[in-house]
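Peer 1: Starting off with a structure, shown below.
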Amino acid sequence: MKKPIILLFILALHLQCFCWGFYAHKKINNYAVFLLPPKMLVLYKPNINFITEHAVDPDMRRYAVPGEGAKHYIDIDHYGTYPFDDLPRKWNDAVAKFSEDSLQAYGIVPWGIQIMLHRLTDAFKDKNQTKILKLSAELGHYIADAHVPLHTNSNHNGQYTNQQGIHGFWESRVPELLADKEWDFFIGKAQYIKDPGNFIWQRVLESAAAADTVLKYEKELTAGFPADQKFSFEDRNGVIIRQYSSSFTRAYNKKLKGMVERRMRQAIFAVASFWYTAWVNAGEPDLTKLSNKEFSADDLEEFENLNSAWKNNTIKGREHETPIP
């Protein structure tokens, strides 16, 4: 029985290593819908299942599209020390200083989000329903990624500090254990963002400032925690897997003083506000009068290809995952 358990454990790790985890990404997009004004809810509420389920498409695309990965993060510590003034905030200025290849190598999430915002604005102007829904779901994903501290640090999985697995621990295990039963997602309403570029850069800098704390507190907690209680075998949807124990997870969340919940709440607000900003910038079109209400054959094929690529690489990629020590 040992081999099947080990394989299931590795598979579980693979499922948890995505940005925010599938669970949290879906929750963020789902909750963001309820922050929208009535004139937007007429479109988003009936299509909430699509926006929720397709929140994870960008992660699936990482297996199918070269260069996709760079859109999910920025190793901003590569550019010096906080607040990283050596890195120009404008794309063209950054390219002129560091070259596009270098920027791609260290991640482009703050710039990619602004591109996606423009695309969503154009989709609203064109009154193209399928593009609006697809771009909304994916924009939500990238914005959420920018709120994860380890998505702004080159030590993104604790690989340089013997903390392998901390990435999935922070963004998947903590919210999956606590979000539904203990966290508060009563946030308020989406707001218009006058300067989206500055807004997302501020969120990236907040994430970067928190990265050291994420790593430091896990290491401190591990040093004082009984070694045989850090991990446990628990039931996950009918499968017994080895993961960070509930007691260690709760202790870490307490030590972080609710950081994961705060960042998740901020991500929800940001996603809704970016959707709202795109709609306002497009002239607040009537969302009851849209074209292209059915996804094309090409769209459906793309969704199927993403699912297939992810499923295939879930198996092929197991050997590349770093297991929890």
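Peer 1: Of the conditions (1) part of a loop (DSSP other than H, G, I, E, B); (2) closer than 23 Å to Leu150 by Cα; (3) of a type outside the set (Lys, Arg), Tyr252 clears all except one; give me its number.
Peer 2: (1)
Peer 1: Name every residue in the range 264-286 that is open to solvent by less than 10 Å² (accessible area, probe 1.4 Å) and over 14 Å from Leu139 (Cβ atoms), in order of residue number.
Peer 2: Of everything in the range 264-286, just one residue is open to solvent by less than 10 Å² (accessible area, probe 1.4 Å) and over 14 Å from Leu139 (Cβ atoms), namely Met264.
Peer 1: Go through the residues of the range 190-200 one by one and say whether even a single one is farther than 26 Å from Asn237 by Cβ, in a helix (DSSP H, G or I) and open to solvent by less than 10 Å² (accessible area, probe 1.4 Å).
Peer 2: Of all residues in the range 190-200, those farther than 26 Å from Asn237 by Cβ come to 190-200.
Add one more test, that the residue is in a helix (DSSP H, G or I), and what stays is 196-200.
Imposing the further condition that a residue be open to solvent by less than 10 Å² (accessible area, probe 1.4 Å) reduces the set to 200.
Yes, the range 190-200 contains a residue that is farther than 26 Å from Asn237 by Cβ, in a helix (DSSP H, G or I) and open to solvent by less than 10 Å² (accessible area, probe 1.4 Å).
Peer 1: To continue, here is another question. Consider Ile240 against the criteria (1) in a strand (DSSP E or B); (2) among the aliphatic types (A, V, I, L, M); (3) under 30 Å from Thr277 (Cβ atoms): it satisfies all of them except one. Which criterion is unmet?
Peer 2: (3)
Peer 1: Follow-up. Residues of the range 36-60 being open to solvent by 10 Å² or more (accessible area, probe 1.4 Å), part of a loop (DSSP other than H, G, I, E, B) and either closer than 14 Å to Phe303 by Cβ or among the aliphatic types (A, V, I, L, M) (or both), which ones?
Peer 2: Matches in the range 36-60: none.
Peer 1: I'm trying to understand the selection: among the residues of the range 198-220, which are of a type outside the set (Val, Ile, Thr) and more than 13 Å from Ala270 (Cβ to Cβ)? Write out each step before concluding.
Peer 2: Filtering the range 198-220 for residues of a type outside the set (Val, Ile, Thr) gives 198-199, 201-203, 205-212, 215-220.
Of everything in the range 198-220, those that are of a type outside the set (Val, Ile, Thr) and more than 13 Å from Ala270 (Cβ to Cβ) turn out to be Leu205, Ala208, Ala209, Ala210, Ala211, Asp212, Leu215, Lys216, Tyr217, Glu218, Lys219, Glu220.
Peer 1: Another one. Would you check if Tyr217 is at pLDDT 95 or above, part of a loop (DSSP other than H, G, I, E, B), open to solvent by 40 Å² or more (accessible area, probe 1.4 Å) and hydroxyl-bearing (Ser, Thr, Tyr)?
Peer 2: Details: at pLDDT 95 or above: yes; part of a loop (DSSP other than H, G, I, E, B): no; open to solvent by 40 Å² or more (accessible area, probe 1.4 Å): yes; hydroxyl-bearing (Ser, Thr, Tyr): yes.
In short, no.
Peer 1: Any residue that is buried (at least 20 other Cβ atoms within 10 Å of the Cβ) and either under 26 Å from Trp310 (Cα atoms) or not β-branched (Val, Ile, Thr) (or both) - is there at least one of those in the range 75-92? Break it down into steps so the answer makes sense when it comes.
Peer 2: Of the residues in the range 75-92, the ones buried (at least 20 other Cβ atoms within 10 Å of the Cβ) are 76.
Filter once more, so that each one left must be either under 26 Å from Trp310 (Cα atoms) or not β-branched (Val, Ile, Thr) (or both): none.
Within the range 75-92 (the criterion being buried (at least 20 other Cβ atoms within 10 Å of the Cβ) and either under 26 Å from Trp310 (Cα atoms) or not β-branched (Val, Ile, Thr) (or both)), the answer is no, since none of the residues qualifies.
Peer 1: Does Ser291 fit the bill of being surrounded by fewer than 11 Cβ atoms within 10 Å (Cβ to Cβ) and at pLDDT 90 or above? Let's see the steps before the verdict.
Peer 2: Values: surrounded by fewer than 11 Cβ atoms within 10 Å (Cβ to Cβ): yes; at pLDDT 90 or above: yes.
Judged against the criteria, Ser291 is a match.
Peer 1: Scan the range 106-123 and report the pairs whose first residue is on the phi > 0 side of the Ramachandran plot and whose second residue is buried (at least 22 other Cβ atoms within 10 Å of the Cβ) and not charged (D, E, K, R), with Cβ atoms within less than 7 Å and a gap of 6+ or a chain change.
Peer 2: Partner pairs satisfying both residue conditions: Gly107/Tyr73; Gly107/Ile74.
Peer 1: Looking only at residues in the range 61-74 that are touching a Ser or Thr at 6+ places or on another chain (Cβ under 9 Å) and surrounded by 22 or more Cβ atoms within 10 Å (Cβ to Cβ), which one is nearest to Leu300 (Cα to Cα)?
Peer 2: We begin by selecting, within the range 61-74, every residue touching a Ser or Thr at 6+ places or on another chain (Cβ under 9 Å); these are 63-64, 73-74.
With surrounded by 22 or more Cβ atoms within 10 Å (Cβ to Cβ) added as a condition, the list becomes 73-74.
Details: Tyr73: 27, Ile74: 31 Å.
Filtering the range 61-74 for residues that are touching a Ser or Thr at 6+ places or on another chain (Cβ under 9 Å) and surrounded by 22 or more Cβ atoms within 10 Å (Cβ to Cβ), the one nearest to Leu300 (Cα to Cα) comes out as Tyr73.
Peer 1: In addition: What do you reckon, is Ile240 more than 30 Å from Lys216 (Cβ to Cβ) and either touching a strand residue (DSSP E or B) at 6+ places or on another chain (Cβ under 8 Å) or at pLDDT below 95 (or both)? Quick ask: steps written out before the conclusion?
Peer 2: Details: more than 30 Å from Lys216 (Cβ to Cβ): yes; either touching a strand residue (DSSP E or B) at 6+ places or on another chain (Cβ under 8 Å) or at pLDDT below 95 (or both): yes.
The answer is yes for Ile240.
Peer 1: Please verify whether the range 223-230 includes one or more residues that are within 26 Å of the chain's Cα centre (by Cα), surrounded by 13 or more Cβ atoms within 10 Å (Cβ to Cβ) and closer than 22 Å to His118 by Cβ. Even if it seems obvious, please write down each step before you answer.
Peer 2: Step one: list which residues in the range 223-230 are within 26 Å of the chain's Cα centre (by Cα), which gives 230.
From the residues that got through so far, the ones that are surrounded by 13 or more Cβ atoms within 10 Å (Cβ to Cβ) too are 230.
Subset that is closer than 22 Å to His118 by Cβ: none.
No, the range 223-230 contains no residue that is within 26 Å of the chain's Cα centre (by Cα), surrounded by 13 or more Cβ atoms within 10 Å (Cβ to Cβ) and closer than 22 Å to His118 by Cβ.
Peer 1: Which residues, counting only those in the range 168-201, are without any contact (Cβ under 8 Å) to a residue 40 or more places away in the chain and either under 23 Å from Pro38 (Cβ atoms) or among the hydrophobic types (A, V, I, L, M, F, W, C) (or both)?
Peer 2: Phe186, Lys194
Peer 1: Mind checking which residues of the range 202-233 are more than 19 Å from Trp20 (Cα to Cα) and touching a residue at least 60 places away in the same chain (Cβ under 8 Å)?
Peer 2: Phe231
The values are calculated or read from the model by the stated rules, or taken from the named source; none is laboratory data. In this text the structure is predicted, and so the values were computed from the model without any measurement. Backbone-built Cβ (ideal geometry, glycine too); neighbour counts: all protein chains shown. Note: areas computed on protein heavy atoms with side chains; ligands, DNA, RNA excluded. Shrake-Rupley method; radii C 1.70, N 1.55, O 1.52, S 1.80 Å.
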